[in-house]
Amino acid sequence: MVVIRVALDVPIDTLFDYIAPDAVLQDVGFRVRVPFGKRFMIGIIMAVSHDTQISSDKLKQAETILRDIALPPVLIDLFEFCSRYYHYPIGMVVMNGLPSRMRNVRPLARSSHKLSLFRLTDLGRTIAPSSLSARYKVKQRLLTWLNEVGTINQIEARKISPRAPKILQEMQTQGWLKPVSGTGEPPLEISPFCAVPLTTEQTIAISAIQTEINQFNTWLLHGITGSGKTEVYLQVTSLLLARGKQVLILVPEINLTPQLEAIFRSRFPSTCLISLHSKLTPSERMEGWLQSQRGEASIVLGTRLAIFTPLPKLGLIIVDEEHDQSFKQQDGLRYSARDVAIFRAKQANIPIILGSATPSLESYHNAITGRFRLLRMSTRAVKNAVLPPIHYIDTRTHPLTEGLSEPLLTALDNYLNLQRQSMVFINRRGYAPVLLCKSCAWLASCPRCASRLVVHLKQKALCCHYCGHNEALPLACPQCGDQDLMPFGHGTQRIETALERFFPNARILRVDRDTIRRKGDWQTILDTIHDRKVDILVGTQLLAKGHNFPHLSLVGVLNADASLYSTDFRAEERLFAQLMQVAGRTGRTEIAGEVLIQTEFPDHPLYGALRQHDYDAYARLLLKEREITLFPPFSYQALLNAEAPEMTMALAFLNDANALAKPMNSIEIFDPVPAQMTRLKGLERAHLLVQSPSRKRLQFFLSEWYTKLRQIPNRKVRWALDVDPLEF
Ligand code: ADP
Ligand code: ZN
Ligand code: ZN
């Protein structure tokens, strides 16, 4: 009897056995349609075997094996590793790591369809987009894209307009375009050399990686903001493309993909590059997945989910801004795409580059202890560009008007007169974080979460930033009826309004999650900034990440102190990284910039190190503290999270869990406690922390514990394990 073991998207920890008389060993990795309960499901064949633990009367027969596309064995290994390491059901790991289209029963349409890639002919290059009449808007935009980026495929064209793919054909008939064979073979045209000579530090970094290009190494590229890390990525990428390899590039934020994508496209114009992120339609994602699986896509650029892309010729992985928390998924399979990437590089025996100006303490520790290879770049690549001086404005002696101090306002005024751009950074969107009744001290809070509602004055609404709850701004206090309600504290909207009043002639632009809701908003904002159509930017951390703003001279930081004395042991590390990153947005050209930070604690060691731009000093200081307190990277953690309608239920579950834990050497189990966010979306939350100096021991403990946890009866409690948690 032939039995197949199938991964199915159900929250049960096993594979499911089915009889499949026609199955052969080579069917591992193929999709299969099987009966499950009252319905049919699509799963992946993970093994073919001759025996089973299931009694034969319970064993059902698989319906059809779909032999259209197979998951390669390395991808199956990767999924198995994730299931093991993060203690998450294998079927859910596999099925959620694949494009949703693969769960459709119908055969994958267009699976043999190849995307054509177009580029301009010599004739096409002579045509200026602006020379076309306004009737040809789509054509104009296609030409502009091609002039900037070099190539376009139908999927990209469809983003410009639904009619665009057809117009591409028209342009081909006109002799403006020609198809490129950007698939399969190694790219024909590699231009590995940038127009400018490499800096010494870039040369050293590149040749270090080059000498060990065919083997696994984790390279930590610790380069200050503006040191030219992108150029290192490009050069190393070109080495691998020349060998016919595929390159996977992970970025933390979907907003960072277009910028990097444009850079890579213009450097490798005839190479097939695909970008994978959560905003793609299911069929776009499927198409990208297939191109990668067939080895046609040479460069795959994406957010964390891209780590599960099949890449038969993978030769290099790059993780840009490796310190960024967005690499960690916070629900479902709580994986760190950076850590999984390291596993994958090791599995494929290829180099991986982790790049950052402010590495995570974990990576930094690995680098200084020799587990990672450290590459440093400590000068800015652009000639004469230097790191900006950082000054502190002591808010104890400089009172604030609408959150802004006199010295900051003066500086803004100066740069306005010099026609340079400024940015005011405040990590809080909305108008004010709190709505307060002056007579009875009532505070607007979320009915479903343990959080305050944020005032959004422009929308006349109160919003919960945790669950999205939204209600109209009340006219009077619901508790005492008083009409004297006061927005308390500052958010981006309020600062924007204040700046509009202080500088009526300035062009002010607010950038936060509220202003970039729609597709394309972000690109418009970037264009506005680059075209110098804005004088003062007001924004959240969205502005701090990885962007290059050449005209920016002044950065003002409000409200940084908030995270200085947090209970989260990572708060300082994050604040430091964030401020270094914000500061890094300025002074990126010959024109010097400066950074002004409003604070009540100018003597705090964090600010001292920041003034010196001394990441190392501060990182070592933080590492010392972590060593004494035995926090990561000096220990490994796992968090058992529980959510229930009532706190007592959540805690009772955790106490049961605690009682089931077998005491083990070098495993420390803490008491269950309510989470920092004690209530979210109507559920009470608590957790229990497990810690060990040894990752191996912790994994050993977790495996045993996890099977027992599954047996605790808990109809009302939702629980999950978070290995290497970043949020508490
Ligand atoms: P990082 O990612 O390290 O912050 P970027 O890669 O964005 O820095 O590079 C910063 C700027 O330096 C960019 O404008 C880039 O074009 C420029 N640059 C990179 N390498 C060189 C070089 N060798 N010479 C001159 N300019 C360079
Ligand atoms: Zn009141
Ligand atoms: Zn809420």
(message) Which condition from (1) farther than 24 Å from ASP331 by Cβ; (2) touching a His at 6+ places or on another chain (Cβ under 9 Å); (3) at pLDDT below 95 is the one that LEU623 breaks?
(response) (3)
(request) Check whether at least one residue in region 657-676 is within 28 Å of LEU564 (Cβ to Cβ), within 25 Å of the chain's Cα centre (by Cα) and exposed (fewer than 15 other Cβ atoms within 10 Å of the Cβ), and report yes or no. (result) yes
(request) May I ask you to list the residues in region 510-540 that are touching a residue at least 40 places away in the same chain (Cβ under 8 Å), of a type outside the set (A, V, I, L, M, F, W, C) and touching an Asp or Glu at 6+ places or on another chain (Cβ under 9 Å)? (result) GLY539, THR540
(message) Restricting to region 113-170, and then to whatever is in a helix (DSSP H, G or I) and of a type in the set (Lys, Arg), can you tell me which residue is surrounded by the fewest Cβ atoms within 10 Å (Cβ to Cβ)?
(response) ARG135
(request) Answer yes or no as to whether ALA506 is part of a loop (DSSP other than H, G, I, E, B), open to solvent by less than 20 Å² (accessible area, probe 1.4 Å) and small (Gly, Ala, Ser). (result) yes
(request) Give CYS463, CYS467, CYS477 a once-over and let me know the one that is more than 16 Å from ligand 1 (Cβ to nearest atom), under 28 Å from LEU408 (Cβ atoms) and either out of contact with any Pro (no Cβ under 7 Å at 6 or more places or on another chain) or of a type in the set (A, V, I, L, M, F, W, C) (or both). (result) CYS463
(request) Would you check which residues across region 435-450 are more than 10 Å from ligand 2 (Cβ to nearest atom) and more than 31 Å from the chain's Cα centre (by Cα) and list them? (result) LEU435, ALA444
(request) Please find, within region 311-330, the residue that is farthest from the chain's Cα centre (by Cα) out of those that are part of a helix (DSSP H, G or I) and surrounded by fewer than 19 Cβ atoms within 10 Å (Cβ to Cβ). (result) GLN325
(message) When you scan region 633-640, do you find a residue that is assigned to a loop (DSSP other than H, G, I, E, B) and buried (at least 22 other Cβ atoms within 10 Å of the Cβ), even just one?
(response) no
(request) Search region 451-498 for residues being away from ligand 2 (no atom under 16 Å from the Cβ), assigned to a loop (DSSP other than H, G, I, E, B) and small (Gly, Ala, Ser), and hand back the single one that is surrounded by the most Cβ atoms within 10 Å (Cβ to Cβ). (result) GLY491
(request) Give the residue, chosen from ILE65, ILE19, ILE44, that is more than 30 Å from ARG697 (Cβ to Cβ) and under 35 Å from the mean Cα position of the chain (by Cα). (result) ILE44
(message) What's the number of the only condition in (1) under 19 Å from the mean Cα position of the chain (by Cα); (2) of a type in the set (Phe, Trp, Tyr); (3) under 24 Å from ILE591 (Cα atoms) that TRP522 fails to meet?
(response) (3)
(message) Of everything in region 404-437, what is closer than 30 Å to ASP482 by Cα and either open to solvent by 50 Å² or more (accessible area, probe 1.4 Å) or without any contact (Cβ under 8 Å) to a residue 24 or more places away in the chain (or both)? Give them in sequence order.
(response) ARG428
(message) Restricting to region 431-450, name every residue that is in contact with a Leu (Cβ under 8 Å, 6 or more places away or on another chain) and part of a loop (DSSP other than H, G, I, E, B).
(response) TYR431, LYS438, TRP442, ALA444, CYS446, ARG448, CYS449, ALA450
(message) Looking only at residues that are closer than 18 Å to ILE393 by Cα and in contact with a Phe, Trp or Tyr (Cβ under 7 Å, 6 or more places away or on another chain) in region 559-583, which one is modelled with the highest pLDDT?
(response) PHE576
(message) Tell me which helices (runs of 4 or more DSSP H) are completely within region 331-419 and hold 1 or more residues being under 26 Å from PHE308 (Cα atoms) and out of contact with any Ser or Thr (no Cβ under 9 Å at 6 or more places or on another chain), or say none if there are none.
(response) 337-348, 361-368
(request) State which residue pairs qualify: first residue among the charged types (D, E, K, R) and inside region 588-617, second residue open to solvent by 20 Å² or more (accessible area, probe 1.4 Å) and not in a loop (DSSP other than H, G, I, E, B) in any location, beta carbons under 6 Å apart, and separation of 6 or more residues or different chains. (result) GLU600/ASP561
(request) Determine whether region 72-85 contains at least one residue that is among the β-branched types (Val, Ile, Thr) and free of Cβ contacts under 8 Å to residues at least 40 places away in the same chain. (result) no
(request) Give the residue, chosen from LEU404, LEU409, LEU418, that is farther than 17 Å from ASP561 by Cβ and at pLDDT 95 or above. (result) LEU409
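The values are calculated or read from the model by the stated rules, or taken from the named source; none is laboratory data. In this text the structure is predicted, and so the values were computed from the model without any measurement. Neighbour counts run over all protein chains shown; Cβ positions are idealised from the backbone, glycine included. All accessible areas refer to the heavy atoms of the entire protein, side chains included, with ligands and DNA or RNA removed. Shrake-Rupley method; radii C 1.70, N 1.55, O 1.52, S 1.80 Å.
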